[in-house]
Amino acid sequence: MIQGLSRRKTVYLILIALLLAVLVLQQFLGRSVQPKVAPIEADVSAMTIADGERNIELRKNGGEWLIGSENYPGDADKIENLAEKILNLQPLEQVSSSGYFRPYRLEEEEAIRVTVYSGSEELRSVLIGKAGTTGRQSYIRFPGEKEVILVADNLRRDFELSAGDLREKQLFTLDPASIRRIVLAKTGEEPGGFIRSDGGWTSDSGEAADADLLDQYVRNFSAFSAADFPEDAVDTGELIMQIILETDGGDISVEILTETEEGPYLARSSETPYIFSLAAFKANQLIKSPADFLRGDQ
C-alpha cells in the first residue's frame, strides 16, 4: 500500500515536472528576440539616400554639406541629424527572420536605402521599410540579411524626402542695426530711400519716417530664408519689388517677382545664385511703398 502511494506520488511529480518544462519552453519560444545593433561613433563625410525614384548624394567639403553634382549648399544640421539616426539605431525587436520582406515594404524596389560613409569607409547601410502601427517606429533590415527589425523612430517619414528638402534655406543673416540705408523700389512707383541716424530714420529727401515701422521692417532680414528652391524655376517673371540694404558689411539686394501659378512668389538675391520662392505672407510683408513709412504728422 505504501509502495503504491509512493509510485503514484512519483508519477504525479513527473507529470508536474513535465508540465513546468512545457510552460517554460512555451515562454522561451514566445519571447521576442532582442537584436543587437551597436552604435557607431565616427566623423561622417558622405551619405546617400536612394529608392526607386531618386538617388540623393550628400558629401561634406570643408565643413559644408553639398548636394549632388550641382553642389547645392545643404542644411548641415538636418543632414547630420539624419546620419546620426542611422549610426545610432534603437532596435526594439526582431519581427521576422524568414527573408520575406513584402509585408514590411522592405523589398528592394520599395525600401529606402541609406548609406553613411566616413571617407571611403562605409559605416552603415540600411534599408528602411514602412512605419510601425503606432507611427513611432519603423521596420528595417540590413543588406544581405534576412532579419526584419523594428526600431524606434519613424525613419520612413524622416527619409522620404527630396534633395530640395535638404537644401540650406537660410540665405543670409545680419544685425538689423548694421543697416545704414534701405532703398525700396516698387514697380510703377518712384523708389525711395531711408537713412538711419542716431535720431531714428529719415527719407533721402529729409522727411521724417516712422522709426518703429522701419525697425520692424528691417527685422525681416535678420535671418532671411527661402521657402523653397523650385526645381524648374527660371529667372523670368515681372519684377514687382526691389529692396537694397546698405549695411556696414556691404550691399544686399532682394528682388521679388510675380507670383507663380502654385502660389508662392519667386525671388532672387545678391546672396545666392539660385532662384528661390517666398511664401505669400512673407512676400506681402516685404512689398511696401516708401510712402508706407512716412510719418503722417508732417
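What single numbered condition from (1) loosely packed, with under 15 Cβ neighbours inside 10 Å; (2) in contact with a strand residue (DSSP E or B) (Cβ under 9 Å, 6 or more places away or on another chain); (3) touching a residue at least 40 places away in the same chain (Cβ under 8 Å) fails to hold for residue 189?
Result: residue 189 fails condition (2) only.
Please tell me if residue 89 is touching a helix residue (DSSP H, G or I) at 6+ places or on another chain (Cβ under 9 Å) and buried (at least 19 other Cβ atoms within 10 Å of the Cβ).
Values: touching a helix residue (DSSP H, G or I) at 6+ places or on another chain (Cβ under 9 Å): yes; buried (at least 19 other Cβ atoms within 10 Å of the Cβ): yes.
It is true that residue 89 is touching a helix residue (DSSP H, G or I) at 6+ places or on another chain (Cβ under 9 Å) and buried (at least 19 other Cβ atoms within 10 Å of the Cβ).
Of all residues in region 44-75, count the ones that are exposed (fewer than 14 other Cβ atoms within 10 Å of the Cβ) and either more than 16 Å from residue 229 (Cβ to Cβ) or under 13 Å from the mean Cα position of the chain (by Cα) (or both). Even if it seems obvious, please write down each step before you answer.
Of region 44-75, the ones exposed (fewer than 14 other Cβ atoms within 10 Å of the Cβ) are 52-55, 61-64, 69-71.
Retained after the next criterion (residues that are either more than 16 Å from residue 229 (Cβ to Cβ) or under 13 Å from the mean Cα position of the chain (by Cα) (or both)): 52-53, 55, 61-64.
Residues meeting the conditions: 7.
Going through 219, 196 one at a time, which residue ends up being free of Cβ contacts under 8 Å to residues at least 24 places away in the same chain and of a type in the set (Lys, Arg)? Give the derivation first.
Values: 219 fails: free of Cβ contacts under 8 Å to residues at least 24 places away in the same chain.
One residue alone meets the criteria, 196.
Do any strands (runs of 3 or more DSSP E) entirely within region 51-118 hold 3 or more residues that are in the same structural domain as residue 145 (by TED's automatic domain parsing) and in contact (Cβ under 8 Å) with a residue 60 or more places away in the chain, and if so, which?
Numbers: elements: 55-61, 64-67, 91-96, 112-118.
The qualifying strands (runs of 3 or more DSSP E) are 91-96, 112-118.
Taking region 212-227 as the region of interest, how many residues are outside any loop (DSSP other than H, G, I, E, B) and either of a type in the set (Ser, Thr, Tyr) or surrounded by 17 or more Cβ atoms within 10 Å (Cβ to Cβ) (or both)?
The total comes to 6.
Out of region 241-258, which residues are of a type in the set (A, V, I, L, M, F, W, C) and surrounded by fewer than 17 Cβ atoms within 10 Å (Cβ to Cβ)?
Narrowing region 241-258 to residues of a type in the set (A, V, I, L, M, F, W, C): 241, 243-245, 252, 254, 256-257.
None; the set is empty.
Condition check: basic (Lys, Arg), in contact (Cβ under 8 Å) with a residue 40 or more places away in the chain and closer than 25 Å to residue 73 by Cβ. Does residue 282 satisfy that? Spell out how you get there, then give the answer.
Numbers: basic (Lys, Arg): yes; in contact (Cβ under 8 Å) with a residue 40 or more places away in the chain: yes; closer than 25 Å to residue 73 by Cβ: yes.
Yes: the conditions hold for residue 282.
In this structure, is residue 164 at pLDDT below 95, of a type in the set (Gly, Ala, Ser), under 30 Å from residue 257 (Cβ atoms) and in contact with a strand residue (DSSP E or B) (Cβ under 8 Å, 6 or more places away or on another chain)? Can you show your working first?
Details: at pLDDT below 95: yes; of a type in the set (Gly, Ala, Ser): yes; under 30 Å from residue 257 (Cβ atoms): yes; in contact with a strand residue (DSSP E or B) (Cβ under 8 Å, 6 or more places away or on another chain): yes.
Yes, satisfied.
List the residue pairs whose Cβ atoms are under 6 Å apart, where the first residue sits in region 249-260 and is over 20 Å from residue 191 (Cα atoms), the second is small (Gly, Ala, Ser) and assigned to a loop (DSSP other than H, G, I, E, B), and the two are 6 or more positions apart or on different chains.
Note: no pairs meet the criteria.
Can you name the number of the only condition in (1) modelled with pLDDT under 95; (2) touching a strand residue (DSSP E or B) at 6+ places or on another chain (Cβ under 9 Å) that residue 218 fails?
Against the list (1) modelled with pLDDT under 95; (2) touching a strand residue (DSSP E or B) at 6+ places or on another chain (Cβ under 9 Å), residue 218 comes up short only on (1).
The values are calculated or read from the model by the stated rules, or taken from the named source; none is laboratory data. The shown structure was predicted, so the numbers you read here are calculated from the model rather than taken from an experiment. Glycine also receives a Cβ, built like all others from the backbone with ideal geometry; neighbour counts cover every protein chain displayed.
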